[in-house]
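Values quoted throughout were computed directly from the atomic coordinates according to the rules given, and no laboratory measurement underlies them. These numbers were taken from a predicted model, which means no experiment stands behind them. Because the Cβ atoms are built from the backbone with ideal geometry, glycine has one as well, and the counts that use them run over all protein chains shown.
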Amino acid sequence: MMLRKFAAFGLSIVLAACGSQAPTAAPPVATPEPTPKATPTPGAALGCGYPPMPDQRIQCPRIQSVFGPQVEAAIKRVFELHPDLFDFNKTKGDGLYSYKVLDRRQYTGYVVEGLRGQHLCAVDELEEIAVKQTNDFNEQYNVWTSDGYVRLPPGAYITTCTPAQF
């Protein structure tokens, strides 16, 4: 019995000693050096290297399309690369390249991508596509009809803004 009391007493001292020690500090964790962020080239996101222009809320007259051939080429390229975006059995008007668009967002996104591939600045403004080559002027195009069919230039051309508005 004495041995049990002695063992219990010894165990209580060991437990008390364990609880009274200061916790051991965890080794410091090395903080990784932050990765430097690349500085974007002004206008790189637009596809041509020119910086965006502020919207000066000017009136944009309808003059004459300059980028119509490039817009048409970009649209026809989308037919070739992404035929799944169109219903070629549904056409409007004379039906020549006026196919039903099945996904307008992807369609206009690919048209913008095609214009940028031609070294033009282009942005999808949801209802229209804006195109420029310099900040002197830009043109606006609506490349699909309100009922969802492809619209080619010259009918797709809306207006010209001087100076460029994007």
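Based on the Cβ-Cβ distance of E80 and L102, what FRET efficiency does E = 1/(1 + (r/R0)^6) give at R0 = 22 Å, to the nearest 0.05?
Efficiency at R0 = 22 Å is approximately 0.85.
Calculate, for R62 and N89, the FRET efficiency according to 1/(1 + (r/R0)^6) with r their C-beta to C-beta distance and R0 30 Å; round to the nearest 0.05.
0.35
Specify whether the C-alpha gyration tensor of region 96-166 places it in the rounded, prolate or oblate class, a ≥ b ≥ c being the square roots of the eigenvalues: rounded for a/c under 1.5, otherwise prolate if a/b is larger than b/c and oblate if not.
Prolate, because a/c is 1.5 or more and a/b exceeds b/c.
Below 8 Å, C-alpha to C-alpha, sequence gap of six or more: please give me the relative contact order for region 63-161 in percent.
29
Lys/Arg Cβ at +1, Asp/Glu Cβ at -1, dipole of region 63-161 taken about the Cα centre: which of V78, V66, T145 is farthest positive-ward?
Value computed over the given set: V78.
So, R0 is 22 Å and r is the distance between the beta-carbons of A73 and H119; what FRET efficiency does that work out to, to 0.05?
0.95
Name the aspartates and glutamates eligible as straight-distance cross-link partners of K132: C-alpha to C-alpha under 20 Å, and not fewer than 8 places from it in the same chain.
Those aspartates and glutamates meeting the cut-off are D55, E72, E113, D124.
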